[in-house]
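All remarks here apply to the structure that follows.
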Amino acid sequence: MTKKIKQLRLGMLHYHWLTGGVRTVVSNTLKSLIAYGGGDILELDLISSDAQSPSGEALAKELRQWADEQDCGEVVIRQIELPELAYRREPFRGRSELVEQARKWANQLLGQLELGRSSIERPYVLHVHNLNLGKSALATLGVRMLAERFAGDNMPAWVLYQMHDFAEDNRPDCWRVLRDCTGVSDANWAVEMMYPCRGRIHWSVINSTDRKKLIAAGLPEDRVSLLPNAIDTRAFSTPPLASLNTDELAEQKVDKIDFRDDLRNRLAEFAAENGFTFDKERKLWLMPVKAIRRKNVSEAVLLLLMMNCQKDEHQLLITLPANSEADLEYAGQLERLVKNNKLPVMMSFGYKVLAGVDKRKIERGRVQQYGLVDLLDICQGVLTTSVQEGFGYAFHEPWLASRAVMGRNISQVTDDFKAAGMRLEHLYEKVLVPGEWVARFWDDIVVAYGEKLNNMRVQAGMAELDDSHVVELVSRHKRHYQDGENGWRVDWADLLPEVQLVLLQDIMSGNGNLAAVEVVGRSGDKISQWQKLPDEAIISRNLKVVSEQYGLPVKSRNLLRLIALGNDGSGLAGSGSDFVDNRVIFEQALNLEMMRLLV
């Protein structure tokens, strides 16, 4: 049983508090401590480059409102703004300048932590997020200095260093910022900053795959803990408006109408105004994601075509627009394709129709914007076709609303969920298309993989591969053969994004037979009923597992367990000279079998 901490002083440090994955993680983590930490006094410092800007104010307001709603002890929230935490790509003028500025920054932060109010028995916990990622070399080095100083000067503080992503894993720009941060290329210096091995520090990761990476790279096994992300289960299990009785609606000041029909009408209005095709009578499949390349949304369009080829009754909803320049171009091309071919696909309606997960905008008794739970209520299920995730919220959240998750498996994240008891065997591994569809693009695909592979090898300090070796590797890992057949196939997710769009147009023009597409499982066998929804028993089981093992109470217990390790010093790194070899992490990212051109 986790020992309750009567007083906890904790600082959450990240580059910014803009809407995104890390902000959600931080918000849910702090909500878990507020509601379930069980302490008398909880002091929370929100440390970022925008702590006192609108984004920082919004997070602080959200947490204060949450604290007011809970039956908990005293909660004190401070906003500490450090401009140097903002993203910086420009290198410093040598190592000495970086060291000097990092030391100055570390002292500035140290002065804000008020360690005189902490003790060795109840130390300050500095919980930092993604400082290994290469967004601010100054902060990366500064936190390493603090961890060493906490130990060297016997200060009542330690660092919980949480990693969500890796610069070595398909993020060459991030790695380059750290490697070249002193104005010259220095990989060893970058690694020393990214993976400090001295001082009071403990590492945490969000999945078992990442834990294995860090241990293989040289971090001590007992200094790296699994700390899965938390889900605010109450938000997704909030009843949709359509299920509320008259009294419950009156409490929310909403006039009773046919909410399901009204929401469908809102979707139809958006479609009419924006040139999409929408039919209120069709079965709806939801993708609550941004239309970005790594989400592989074109595969969902392909699946929709395959379902409608059997019975033309399905509609696909993709909630959010892309944001980066490359993804905006990809999403724009996909949007034009579905509009020109009048496909039952609608994109980017989320900000207009939805207010939040369980939040709604209500004026004078009428719903102006619905909650995501209301949209889930009118959908058959949720599709996920993503090829890369850190934690994988999409595999968890829909079950809480009693909606099944269908689509592509990502074993690097789902293996943890299966170990926890979730039933996900209905997810597929690949969507194979005939080689004859791809043949005219094959040389371009090989060149693209070769460029990506060699670029990553150069970043890792490895020699480039020659063209013949690249051709052999790509053919071996990206072409799939079946016993007794002469032809070859390619996984849709292994294609260039522009090739995916061309093939979709070919299909719409009658130049591709959908019957030739095969959806296969982990064993490589074809799944003929891949679109069949799991039964109620599986939905109930997965709902139970997510609620009991990934909710805020569990996150609070897991975090307090790690804090206890730091409080007695048993889980903190010593003062040895251990060295992390991040080439191991690079080598795993260079595995061509797992590499995608969508990332």
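Summing +1 for each Lys or Arg and -1 for each Asp or Glu, what net charge is found among the other residues whose Cβ lies under 12 Å from the Cβ of residue 32? My count for the surroundings of residue 32 gives +3. Think of each Lys and Arg Cβ as +1 and each Asp and Glu Cβ as -1; about the Cα centre, that makes the dipole of the stretch 153-221 roughly 160 debye. Note on residue 363 and residue 481: their simple-model spin labels are 6.5 nm apart, each label 7 Å out from Cα toward Cβ.
Ranking 110, 124, 182 by how far each Cα lies toward the positive end of the dipole of the stretch 108-184 (charges on Cβ) leaves 110 at the top.
How high is the FRET efficiency between residue 249 and residue 544 when r is their beta carbon distance and R₀ equals 35 Å, given to the nearest 0.05? Calculated transfer efficiency: 0.80. Temperature 37 °C, viscosity 0.692 mPa s: under these conditions the Stokes-Einstein estimate for the stretch 19-106, based on its Kirkwood radius over C-alpha pairs, is 222 µm² per second.
Helices in the chain, meaning DSSP H runs of at least 4 residues, each add -39500 (n - 2.57). Divided by all residues, the mean residue ellipticity at 222 nm is -13000 deg cm²/dmol. Note on residue 568 and residue 466: the extension gain reaches 31.4 nm, defined as 0.36 nm multiplied by sequence separation minus the Cα-Cα distance. The listed peptides 112-120, 137-145, ordered by packing as a protection proxy, come out as 137-145, 112-120 (highest mean of other Cβ atoms within 10 Å first). The stretch between residue 268 and residue 89 holds 60.0 nm of extra length on full extension. This uses 0.36 nm per residue minus the Cα-Cα distance. Put one equal scatterer on each alpha carbon of the stretch 473-513, apply the Debye formula with no solvent term, and list log10 I(q)/I(0) at q = 0.15 1/Å to two decimals. After summing over all Cα pairs, the log10 values are -0.46. Between the residues 333, 520, 459, the greatest Cα displacement towards the positive end of the dipole of the chain, with unit charges on the Cβ of Lys, Arg, Asp and Glu, is found for 459. Per residue, the average separation of C-alpha pairs within less than 8 Å and at least 6 apart gives the stretch 349-507 a relative contact order of 15 percent. Taking every lysine pair in the stretch 1-117 that is 8 or more places apart or spans two chains, those with Cα atoms closer than 21 Å amount to 4. Span-like helix criteria (full DSSP H runs; alpha carbon extent of at least 20 Å along the helix axis; mean Kyte-Doolittle hydropathy of at least -0.5) are satisfied in the chain by 21-36, 137-152, 297-310, 442-459, 552-568.
Each peptide among 168-177, 526-535 gets the average number of other Cβ atoms lying within 10 Å of its residues, and from highest to lowest they stand as 168-177, 526-535.
Surface composition of the stretch 61-207: carbon and sulfur make up 43 percent of the accessible area, probe 1.4 Å. Cross-link check: pairs 295/359; 213/430; 253/311 evaluated at a Cα-Cα cut-off of 29 Å; pairs beyond the cut-off: 253/311. Note on residue 402/residue 103: beta-carbon distance plugged into 1/(1 + (r/R0)^6) with R0 of 56 Å gives a FRET efficiency of 0.55.
Candidates [x] 38, 35, 25; [y] 40, 33, 21; [z] 56, 21, 21; which is the computed semi-axes √(5λ) of the Cα gyration tensor in Å? Checking each listed value against the structure points to [y].
Among 473, 404, 433, which residue has its Cα furthest toward the positive end of the charge dipole of the stretch 401-481, with +1 on Lys/Arg Cβ and -1 on Asp/Glu Cβ? Result: 404, furthest along the dipole toward the positive end. Relative to the Cα centre, the charge distribution of the chain, modelled as +1 at Lys and Arg Cβ and -1 at Asp and Glu Cβ, gives a dipole magnitude of about 880 debye. A Cβ-based charge dipole, computed about the Cα centre of the stretch 451-519 with Lys and Arg at +1 and Asp and Glu at -1, lands at about 120 debye. Shape call for the stretch 220-272 from the C-alpha gyration tensor, a ≥ b ≥ c root eigenvalues: rounded (a/c under 1.5), prolate (a/b greater than b/c) or oblate? Because a/c hits 1.5 or more and a/b fails to exceed b/c, the stretch 220-272 counts as oblate.
Taking amide H as placed 1.01 Å from N in the peptide plane, residue 78 has its amide H under 5 Å from the amide H of 44, 45, 46, each at least 5 places away in sequence or on another chain.
Peptide packing for 423-430, 296-303, 550-557 was compared via the average number of neighbouring C-beta atoms within 10 Å per residue; ordered from the highest value, the list is 296-303, 550-557, 423-430. Calculated accessible area for the chain comes out at 42 Å² per residue, all protein chains present (probe 1.4 Å; ligands, DNA, RNA ignored).
The values are calculated or read from the model by the stated rules, or taken from the named source; none is laboratory data. Everything quoted here is computed from the prediction, not taken from an experiment. Positions of Cβ are generated from backbone atoms using ideal geometry, with glycine treated the same way; all protein chains shown enter the neighbour counts. The protein model used for the area step is the full one, side chains on, heavy atoms only, and it has no ligands, DNA or RNA in it. Shrake-Rupley method; radii C 1.70, N 1.55, O 1.52, S 1.80 Å.
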